[in-house]
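For reference, the structure discussed in these notes is given below.
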Amino acid sequence: MGPSGCGKSTLLSVIAGHLSDDFNYSGHIEVNNTPIKQLPSYKRKVGILFQEDLLFPHLCIWENLAFALPDQIKGSQRKIDAINALKNVQLDSLAYVFPEQISGGQRARISLVRMLLAKPDVALLDEPFSKLDKTLRIQFRDWVFEQLSEANIPTLLVTHDIDDIPQNSQTFLWPLEIDHA
C-alpha cells in the first residue's frame, strides 16, 4: 500500500520482467526458490491482473481465454479447456460474445480466469478492484481471493484501499529503491 508514485506498480513490473529500460534496480527475485531476474518475462510464469481487463476486442471470450493456455495444449483442446473454464465460473453463456458486449464486472472476471488458465506460479494484482463500484468491488474482490486461494497461487497485491487487503493475509512494507536512468 502507498500513495500514487511510490513504486507499487513499478515493483510489479520488476517482478514480471516488464520494467522499462529507463529504470534500474538492484536485488534478487525468486519464485518458488528459482531466480527469475535474468529470465525474459514470458518465461517467468507470473500472472498479472491489472485495473483494465486488457481483453482482445477482436477475439470472442473463449478465444481470449484460449490465448492464455500453455503452449502444450493444442488444437481443439484449447477451445474445450477455455469453455470448461467458463463453465466452472458460471460464465459459459459468454463464450461466443465479444468483450464490448459484456459488463465491466464480467470482463474483470474473464481477465482473472484468463490469468489462471496460464498456470502462473505467482499472481500480481495491480489495483484490479479500483474501477469497480462499491458493491461489485466487494463481490469481485472476494471472488478473486477465493479463486487464487483455491488455485494455491501466492499473490502480491498493490492497492490504495486498505479494504482490498484480505483478512488473514500477510502485509509487508519494505523500502523499494528504484533509480530512474
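When the C-alpha to C-alpha distance is required to be over 30 Å, the pairs from LYS87/LYS134; LYS43/LYS74; LYS8/LYS74; LYS45/LYS74 that qualify are LYS8/LYS74. Simple spin-label estimate for ASP22 and ASP121 gives 3.0 nm between the two label positions (7 Å along the Cα-to-Cβ direction from each Cα).
So if the hydrodynamic radius of segment 44-101 is defined as the Kirkwood radius over C-alpha pairs, what does Stokes-Einstein give as its diffusion coefficient at 25 °C and 0.890 mPa s, in µm² per second?
Working: Rh = 12.1 Å.
Answer from the Stokes-Einstein relation: 202 µm²/s.
Counting only helical runs of four or more DSSP H residues, what would the 222 nm mean residue ellipticity of the chain come to if each run contributes -39,500 (n - 2.57) and the total is spread over all its residues?
Values: 5 runs with 61 residues, N = 181.
The helix contribution divided over the chain gives -10500 deg cm²/dmol.
Fewest-first ordering of LEU54, LEU125 by other beta carbons within 10 Å of each residue's beta carbon gives LEU54, LEU125. Ranked by how many other Cβ atoms sit within 10 Å of their own Cβ, fewest first, the residues TYR42, TYR96 fall in the order TYR42, TYR96. Bridges between two residues of the chain, per DSSP, are antiparallel at a rate of about 35%. Comparing LYS74, LYS87, LYS45 in a Gaussian network model of the chain, where Cα atoms under 10 Å apart are tied by springs, the biggest mean-square fluctuation is seen for LYS74.
In summary, the aspartates and glutamates within cross-link reach of LYS79, defined as a Cα separation below 20 angstrom excluding same-chain residues under 8 places away, comprise GLU63, ASP71, ASP92. Sorted ascending by nearby beta carbons within 10 Å, beginning with the fewest, ILE138, ILE83, ILE61 become ILE138, ILE83, ILE61.
Lys/Arg Cβ at +1, Asp/Glu Cβ at -1, dipole of the chain taken about the Cα centre: which of GLN51, TYR96, PRO40 is farthest positive-ward? Checked the options; the winner is TYR96.
Rule-based calculations on the coordinates, nothing more; no lab input. The structure presented is a predicted model; accordingly, all values stated were derived computationally and were not measured. Because the Cβ atoms are built from the backbone with ideal geometry, glycine has one as well, and the counts that use them run over all protein chains shown.
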